[in-house]
Amino acid sequence: MCGIAGFVTRRKRGISRTQVAQAIDLLEHRGPDDAGFLCVSRQAEYAGRDLSRHLDESWLTLVHRRLSILDLSEAGWQPMSSADGRWHIVYNGEVYNHVELRNELESLGYQFRSHSDTEVLLNALIAWGTDALRRLTGMFAFALFDQRDNRLLLARDCFGIKPLFYTSTDDDFNFASEIKVLLKTTAVSRQVQADRLMWYLRYGITDHGDRTMFEHIRQLPPAHYLSVDLKTLRIEEPVRYWKPETTETLDVSFDEAVGTVRDMFLNNIELHLRSDVQVGMALSGGIDSSAVVMSARKILGREAELHTFSYIASDARLSEERWVDVVNEASAATVHKVSAGPRQLVSEMDSFVSIQDEPVGSTSVFAQDHVFRLAQESGIKVMLDGQGADELLGGYLPSVGARLAGLLRRGSLVEALRLWVGCSRLPGLGWMGSVLRTADFLVPDRLQDPLRRLVGREMVPQSINKEWFQSRDVAAPLVHRSSHEDVFRGHLLNLMETIILPKLLRYEDRNSMAFSVESRVPFLTPQFASYMFSLPNEFLIGKDGTTKSVFRAAMRGIVPDAILDRRDKIGFETPERSWLIASRDWVDDMLSSDAAVNVQALNLPAARQEWDRIASGKQRFDFRVWRWLNLIAWSQQYEVQFSSDVAAAPVSTADIARAA
């Protein structure tokens, strides 16, 4: 696990040493164990750690910060070069099946100087080109420099677990693991991206596709690669190399699927346990994280040391501590627990905003931040987490609505009625909740806005400055829309690619790497995802409304029955309303600040009125209050520009060099 950055310029002055030094410093938390760079000029090249030797007229520099997880020796140092000096790679991530790939490559005649997965990845790319990407089980973002053909290949893993951002002008191309690196080492515009801002303010959704909250900073989408011609700096259209099959359904029995899911998941856990350092487990007490912990115990045996880390909410209605305790007792784990509160949220807000780079959807992300901090304090460098299971297995309440909608659209009325009765008994849903969740997927677009107003769920709340968005031709999106013929599968794909998973993976990456911890997500392998998408819908959400049906059955005998029989879903929540009420003076100050006035996308008078009604108990709490506060704090810290009068064109890295 690492941090990477790169700078390419066609300008004669070259890349400044100041830029490289800043990138190395800004990425230190992602890789505190080592740092290195490769720089290339017209006459020479240098690879090493000594910044004083950076070539003044270099036209390309690759930067790497290392968190040593596999092969802790210097043989795993990056940037790593091929034996013939043609290929050079900077790589962030882990390839879990590196042992198997190495054996295959050795049979083809490739020789290895290290035991690192980096060298396996490098040789795999040399041997198979971009076809190698489909052979990888892991998380990754990398840049491969082909010195002979003068090309740069950038690629990102199937789910976007590891980040990769870039900017470009006619004369410069720059990339990095974090947005803050590009903002501070180049003079790219800080103009906000209006469409992405609407998604965030309306739904708390971020991180999907190639857009970011900054107009001129892109991210490489998950499961894509792109190539850059370094002679012309022409960026080719990103190519998608993987997508789960969602149109074919396997003809298998439920019991057969249970056995396959069990075997695949245990294999995933075994692969994700590969490490040369101690591995810990994030445990919420839900089915997914409990399955990770108990499967790890099954694989490692009873004598192995096993550490779990849990956030415990202070509000008894949200606390999952009793479920955490059930799993800890069953797994005989060494237990680590942490809590957080409103005072910490206020005092640590600036550092939290800095960690995340872009706004987040709720304060639960702040609680997760404390879990990884505790892991670092306990000497753990690798953590396994249950992220991604709800998206693949239909674990969210809207997924129940999608399942019902699919049955109704097919005319399966009896089956839909049976499912509706079962779903109506689920905690947090009820019969009316089931109807509303289903309507999201069936109501025509033209009726969405008026019907939402009738139930108090208007498309564009008063707190959003409609005129600001209208002047930029931005309207509120309908997030549950999908062109897929199968409503349920289209919904799951939407969760994985747009609505939920991209932002959760960003939260987890930034929170874990802020404390130099590698977080691994064993549910998210292309093989496992493809299999789940190929199963009949009723295997995921049963005919009685049981969510994750096939996975619950697969984990019987591994995970305690008390956990598998849970029907409630708390979802790692914090008592956000009580936190903000307890911090009312701070909230009032934020909504009245000069920074708030600068956020022209907000209708501040309406936001303040809504907050006053919530704080006085006259209106139900809404998560958008946090989104206002986070947006204001983020825009202030990152000097975000909301006015269209500001020049939008990015400035080149050469201008930074001249300023230095």
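The values are calculated or read from the model by the stated rules, or taken from the named source; none is laboratory data. On a predicted model such as this, the values are computed, not experimentally measured, just so you know. Don't worry about glycine lacking a Cβ; one is built from the backbone with ideal geometry, like all the others, and counts go over all protein chains shown.
Brief remarks on what is shown
- Taking residues in the stretch 334-351 that are over 28 Å from Arg322 (Cβ atoms), and partners anywhere that are surrounded by 13 or more Cβ atoms within 10 Å (Cβ to Cβ), the pairs with Cβ atoms closer than 6 Å and at least 6 places apart or on different chains are Val346/Ser583; Val346/Trp586; Met349/Ala633.
- Residue list for the stretch 224-245, filter: surrounded by fewer than 18 Cβ atoms within 10 Å (Cβ to Cβ), assigned to a loop (DSSP other than H, G, I, E, B) and of a type outside the set (Phe, Trp, Tyr): Lys231, Thr232, Leu233, Glu236, Glu237, Lys243, Glu245
- Tally of residues being surrounded by fewer than 18 Cβ atoms within 10 Å (Cβ to Cβ) and farther than 30 Å from Arg190 by Cα across the stretch 327-358: 10
- Flag if Val517 is under 30 Å from Asp251 (Cβ atoms) and surrounded by 18 or more Cβ atoms within 10 Å (Cβ to Cβ): no
- Applying the set (1) within 28 Å of Val277 (Cβ to Cβ); (2) not in a helix (DSSP H, G or I) to His29 leaves exactly one unmet item: (2).
- Only one of Leu478, Leu493 that is under 30 Å from Ser289 (Cα atoms) and not basic (Lys, Arg): Leu493
- The residues listed here are Leu51, Leu72, Leu67; of these, the one that is farther than 18 Å from Lys381 by Cα and either at pLDDT below 95 or touching a strand residue (DSSP E or B) at 6+ places or on another chain (Cβ under 8 Å) (or both) is Leu51.
- Filtering the stretch 15-34 to residues that are in contact with a Lys or Arg (Cβ under 9 Å, 6 or more places away or on another chain) and either closer than 16 Å to Ile69 by Cβ or touching a residue at least 40 places away in the same chain (Cβ under 8 Å) (or both) leaves Ser16, Gln22, Ala23, Ile24, Leu26, Leu27, His29, Arg30, Gly31, Pro32, Asp33, Asp34.
- Hey, Val261 in contact with a strand residue (DSSP E or B) (Cβ under 9 Å, 6 or more places away or on another chain), crowded, with 17+ Cβ neighbours inside 10 Å, over 20 Å from Arg506 (Cβ atoms) and of a type in the set (Val, Ile, Thr) or not: no
- Residue check, Leu417 crowded, with 19+ Cβ neighbours inside 10 Å, in a helix (DSSP H, G or I), outside the structural domain of Thr546 (by TED's automatic domain parsing) and at pLDDT 85 or above: no
- Test: residue in the stretch 581-604 that is hydrophobic (A, V, I, L, M, F, W, C), without any contact (Cβ under 8 Å) to a residue 12 or more places away in the chain and surrounded by fewer than 22 Cβ atoms within 10 Å (Cβ to Cβ): yes
- Filtered by the rule that a residue be of a type outside the set (Val, Ile, Thr) and assigned to a helix (DSSP H, G or I), the stretch 126-174 gives Ala127, Trp128, Gly129, Asp131, Ala132, Leu133, Arg134, Arg135.
- Total residues in the stretch 494-550, condition among the charged types (D, E, K, R) and either assigned to a loop (DSSP other than H, G, I, E, B) or more than 30 Å from Leu70 (Cβ to Cβ) (or both): 4
- Some residue of the stretch 556-565 being touching a residue at least 40 places away in the same chain (Cβ under 8 Å) and touching a strand residue (DSSP E or B) at 6+ places or on another chain (Cβ under 7 Å): yes
- Any chance Tyr203 is farther than 30 Å from Gln19 by Cα, among the hydroxyl-bearing types (Ser, Thr, Tyr) and crowded, with 16+ Cβ neighbours inside 10 Å: yes
- Across the stretch 364-383, the number of residues qualifying as in contact with a His (Cβ under 6 Å, 6 or more places away or on another chain) and closer than 21 Å to Lys569 by Cβ comes to 0.
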